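For reference, the structure discussed in these notes is given below.
The values are calculated or read from the model by the stated rules, or taken from the named source; none is laboratory data. Computed from a predicted model, the values in this text were never measured in an experiment. Here Cβ is always computed from backbone atoms with ideal geometry, including for glycine, and neighbour counts include all displayed protein chains.
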Amino acid sequence: MSLDLDISTDGVLTADTNLVQSWADLNALKQSGARTVIVSAEGAMVRDSEGNELIDGIGGLWCVNAGHRRTEIIDAIKEQLDTLDFYSTFYNFTHPAAAALAVKLAELAPGTLNKVHFGNSGSVANETAIRILHHYYNRLGQPQKKRILSRHGAYHGSTNLAVAMTTPGYSEGWDKSGELVHHLRCPHHWREGGEMTEAEFLGVLKQDLLDTIQHYGAETIACMIAEPIMGAGGVIVPPEGYHTEMAAICRAHDIKYVTDEVVTAFGRLGHFFASKDVFGVQPDIINTAKGLTSGYQPLSATIMSDEIHEVISGPGGMFFHGMTYSGHPAAAAAGLANIALMEREQIPERVRTSGKRFEALLRQLEEFDIVGEVRGSHFMIGIEFVKDKATKAPFAPEELIGLRVAREAQKRGLIARPLGNILILSPTLIMDDAMIDRVADILRESIAALQSSL
Ligand code: PMP
């Protein structure tokens, strides 16, 4: 490291007093300073400043899909910087990497999703989709068509509108500009479905959408936005047929269906995009980020239909939108190299086997008394802990169950992400069978240790 920084744990933590962490209890951090300093990574593993080798069970942050330190991606970034370090995609400027990546995404995205606007985070991709749809309806002479239907349990990002679309529990005590956002019911059958069958519960969710449309009037609603599987809200898989049926209702009312594939794309569920290939739904816009570059560079994409693009690119009117780094050359080069690597190594196809194996092994953890539900799909799994399995009664938040299991796992060599009473696993997509077994064993030992301590 060329910076004059002592990279021992103490050294980094001393230097780090100027860094404001994201999504952290800042007061608790101030008191305990208990941070893990990650200093290097390789493949499916990372190393901390104490020399511990840890399995990266959260893939950086649901993003290092191709694994760490892949030389193909790193070399492509270096080469790009060496040729063209930066140019924007503003005005009439473009450059080869951004253009080529847009072509590639149009090829991979379903149906007529052929037009790509780049950003630099998932939050920005979601904000971009909303700005574009608002502009779209203005241009169609329907300026009142602005409302956004989201869901309880959703996570769409940390910028103002993205956080307003996110589940309200994630902004308690914070202001947000949410007057245009309505949250539909959370599609979590196990928690919300009571005695209903999944099909009956789906009927309730559809009715909630219909009632909402009737309440506000379809002429005031621009879109519904939905993650194919909710991620940061607790890895929630909707009932079978949910997306196709919700999208059909939206379509019948001229409401656009936007999928937030920030997490679910680029192999995590065994396909480049999950909307159509996993859930059978053709969205009007797909937003993605994270796995697009496997996290090597910050990049997001808002991929819209030809029809939407036709309206926003018609005569008269400027497209007043874009970020300096929209389609940054190094990020676009990372995206191209990442996709090329995934295609060559057939990562999505391999996930259909390895991810299913991972899912099946983790589902066995439901044998534990304190495990209420193991849910998710392939390499996107949530384990929810309960105080009482029969009633699904949760542990009190102050019992910090997720955090305690995560600590047990980290002691044993696995990073997992606590979220209240839930533990999330979203590892790299390149683990071999032995490592997948190891993850399952560590989780088993960690849960057993915690259960016996209760
Ligand atoms: N949407 C989803 C589904 C996400 O999981 C995230 C981030 N975890 C975001 C949007 C926001 O992405 P970013 O943090 O890159 O802004």
Within the bounds of segment 169-183, is there any residue that is in a helix (DSSP H, G or I), surrounded by 14 or more Cβ atoms within 10 Å (Cβ to Cβ) and either assigned by TED's automatic domain parsing to the domain that holds Ile422 or at pLDDT 95 or above (or both)?
no
Quickly run through segment 141-161 and pick out the residues that are within 14 Å of the ligand (Cβ to nearest atom) and assigned to a loop (DSSP other than H, G, I, E, B).
Gly153, Ala154, Tyr155, His156, Gly157, Ser158, Thr159
In segment 247-290, which residues are outside any loop (DSSP other than H, G, I, E, B), in contact with a Phe, Trp or Tyr (Cβ under 7 Å, 6 or more places away or on another chain) and among the hydrophobic types (A, V, I, L, M, F, W, C)?
Ala247, Cys250, Ile286
Only one of Ala406, Ala337 is closer than 27 Å to Tyr296 by Cβ, at pLDDT 95 or above and in the same structural domain as Gly291 (by TED's automatic domain parsing). Can you tell me which?
Ala337
Of all residues being in contact (Cβ under 8 Å) with a residue 40 or more places away in the chain and in contact with an Asp or Glu (Cβ under 7 Å, 6 or more places away or on another chain) in segment 45-91, which is farthest from Glu345 (Cα to Cα)? Just the residue, please.
Leu54
Only one of (1) surrounded by fewer than 22 Cβ atoms within 10 Å (Cβ to Cβ); (2) closer than 23 Å to Met45 by Cα does not apply to Leu423, and that is (1)
Pairs under 9 Å by beta carbon, first residue among the β-branched types (Val, Ile, Thr) in segment 326-343, partner at pLDDT below 95 and part of a helix (DSSP H, G or I), six or more apart or different chains?
none
Considering residues of segment 235-274 that are over 22 Å from Lys356 (Cα atoms) and within 15 Å of the chain's Cα centre (by Cα) only, the residue nearest to the ligand (Cβ to nearest atom):
Asp260
